[in-house]
Amino acid sequence: MLRPILAIVGRPNVGKSTLFNRLVGRRRSLVRDVPGVTRDRLYGTTTFERWQATVVDTGGFEPDPSSDLIAGVRAQVLQAIDEADLILFVVDGRAGLTGLDREIASVLRKSDRPILVTVNKFDEAQQDVALGEYYGLGFPGVLGISAEHGRGVAELLEVARALAPAPEPEAPGEGTRVAIIGRPNVGKSSLVNAVLGHERVLVHDQPGTTRDAVDTPVTFRDTPYVLIDTAGIRRKGRVSEALEKLAVVMALKSLERAEVAVLVLDASDGVTAQDAHIAGYAEEAGRAMVFAVNKWDLVPRGLVQKADVTGQIHDRLPFADYAPVCFTSAIRQEGLGDLFDQIDRIAAEAKKRVTPGELLAVVRQAVERRPVSARGVPLRVHSIHQVGVGPPTFALRVNLASDLHFSYRRYLINSIRHACGFAGSPIRLLFRRSGPKHGARGKARRA
Ligand code: GDP
């Protein structure tokens with residue numbers, strides 16, 4: 001299912017990032033432990049009851065103060081309209097409406113997206129009287145909240161859920177669904193064109209057309225694939241320098257619907273911070289991933305070894321060290337066979353299932369090799385079952401669930417990977433504390 005995208009827009013300092021943090025909460029992830037990757041986190045998932053949406057904090061794209069503020073904010077809002085299914089237009093309930101708020105409102109009024117005026121820093125004592133000014137903006141939905149204290153946020157999500165379009169079911173499969181992602185100019189569209197031979201991919205320049213995600217069915221070596229959201233890849237020209245980061249939104253949208261992500265890197269640039277961001281989202285989305293080091297033709301032969309480049313990528317992105325690395329030249333149409341070999345392999349691995357017996361032997365052996373204990377109680381694994389594919393997900397019953405250190409969880413993941421494969425996929429472990437039968441907290445059995 002494709003989640004709706006909620007964009008938070010508004011002038012600087014109205015509390016967009018506070019609201020974003022409030023909606024998205026904090027989740028410990030592998031990615032977060034890598035310096036520089038999640039510093040300016042701009043996308044996250046919000047959950048309300050069983051409904052989920054992707055939230056975009058456009059506050060992170062705040063216009064450069066030296067440039068024209070109005071133009072910058074306008075561009076930011078236009079971009080949000082283009083990307084989002086629902087817009088949370090945040091205004092400051094204490095400061096009241098400003099010229100810039102009205103400017104934003106006039107841009108939003110021209111869009112066909114549902115818009116929810118979110119009056120932040122709203123003092124409950126003011127009651128509805130004070131919201132009158134904001135109703136004057138002409139949008140039907142107006143809610144007073146306090147992002148900082150959490151007041152009104154549940155109502156906000158309830159209304160957002162009602163306004164946002166229902167998630168679309170995935171299109172029936174016509175081959176492995178592949179998202180080609182990466183920052184601008186690494187050669188994504190050139191790669192798509194290389195795959196298509198000399199056929200051109202349609203270019204959609206009109207604003208809004210990219211939401212109707214255009215997927216391209218292709219046949220490569222007689223095998224069908226669907227390249228996800230190729231219209232988005234081709235979208236050029238409208239994205240200003242300051243908004244380049246929004247390229248990540250495209251990646252996110254495609255990731256939602258893909259089975260495999262091809263993260264395209266530029267051989268002449270190495271791994272940049274934005275590459276790391278995008279890789280982080282692919283990891284969080286649970287997608288099987290392969291790196292395509294494109295423009296390999298620009299690297300003088302013999303000067304750089306492929307194995308060294310692979311090592312550098314995995315060093316820089318340790319949270320994605322399971323992803324194989326391919327070398328391509330879209331311009332010379334080289335390396336595509338290798339890339340598709342990897343796509344086939346990791347798509348199959350992502351769907352693989354391993355029996356509980358095999359899994360239990362693997363983790364018990366791992367624990368034996370490297371015993372661990374908390375408050376004198378040694379870890380015991382009572383059972384392990386694979387509960388999901390794409391990404392491979394395992395539920396373990398153990399006696400020490402919450403006490404397990406992050407690095408030990410990683411060790412177990414690596415042990416499973418070593419024994420069972422799952423090349424290209426992140427592996428998820430869910431720990432459950434065993435019931436009283438296996439010994440409650442503090443009186444766990446000793447072996
Ligand atoms: P996108 O923004 O990721 O879709 O990137 P494009 O496909 O538009 O490519 C950006 C630029 O890089 C263009 O000038 C391409 O001609 C060039 N380019 C793309 N792939 C290659 C490649 O494999 N080798 C070389 N030398 N240039 C490439």
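The values are calculated or read from the model by the stated rules, or taken from the named source; none is laboratory data. Note that the structure is a prediction, hence the values are computed from the model and not measured. Counting neighbours? That spans all protein chains shown, and the Cβs are built from the backbone with ideal geometry, glycine included. Note: areas computed on protein heavy atoms with side chains; ligands, DNA, RNA excluded. Shrake-Rupley method; radii C 1.70, N 1.55, O 1.52, S 1.80 Å.
With the other protein chains left in place, how much accessible area per residue, in square angstrom, belongs to the stretch 356-446 at a 1.4 angstrom probe? Could the numbers behind the result be given before it?
On the way: 4620 Å² over 91 residues.
That works out to 51 Å² for each residue.
For the stretch 317-409, which whole percent of the accessible surface, found with a 1.4 angstrom probe, sits on carbon and sulfur atoms? Display every interim value, and only then the final one.
On the way: 2180 of 4240 Å².
Carbon plus sulfur share of accessible area: 51 percent.
How would you rank 301-311, 256-266, 342-352, highest first, on the average number of other Cβ atoms within 10 Å across their residues? Before the final figure, lay out the partial values.
On the way: 301-311: 11.2, 256-266: 24.9, 342-352: 19.5.
Ranked by mean Cβ neighbours within 10 Å, highest first: 256-266, 342-352, 301-311.
Just the accessible area per residue of the stretch 259-355, please: how many Å² with a 1.4 Å probe? Walk me through the numbers on the way to the answer.
Working: 3920 Å² over 97 residues.
Ligands and nucleic acids excluded, the figure is 40 Å² per residue.
Give the peptides 314-323, 380-389 in descending order of average Cβ contacts within 10 Å, highest first. Working shown, then result.
Numbers: 314-323: 18.7, 380-389: 16.9.
Ranking the peptides 314-323, 380-389 by packing returns 314-323, 380-389.
Sorting check: for 280-291, 418-429, which peptide has the highest mean count of neighbouring beta carbons within 10 Å, and how do the rest follow? Before the final figure, lay out each step's value.
Details: 280-291: 24.2, 418-429: 18.8.
Put in order of decreasing packing, that is 280-291, 418-429.
Which semi-axes, in whole Å and largest first, does the equivalent ellipsoid of the stretch 246-402 have when worked out from the alpha carbon gyration tensor as the square roots of 5 times its eigenvalues?
Here the semi-axes work out to 35, 18, 16 Å.
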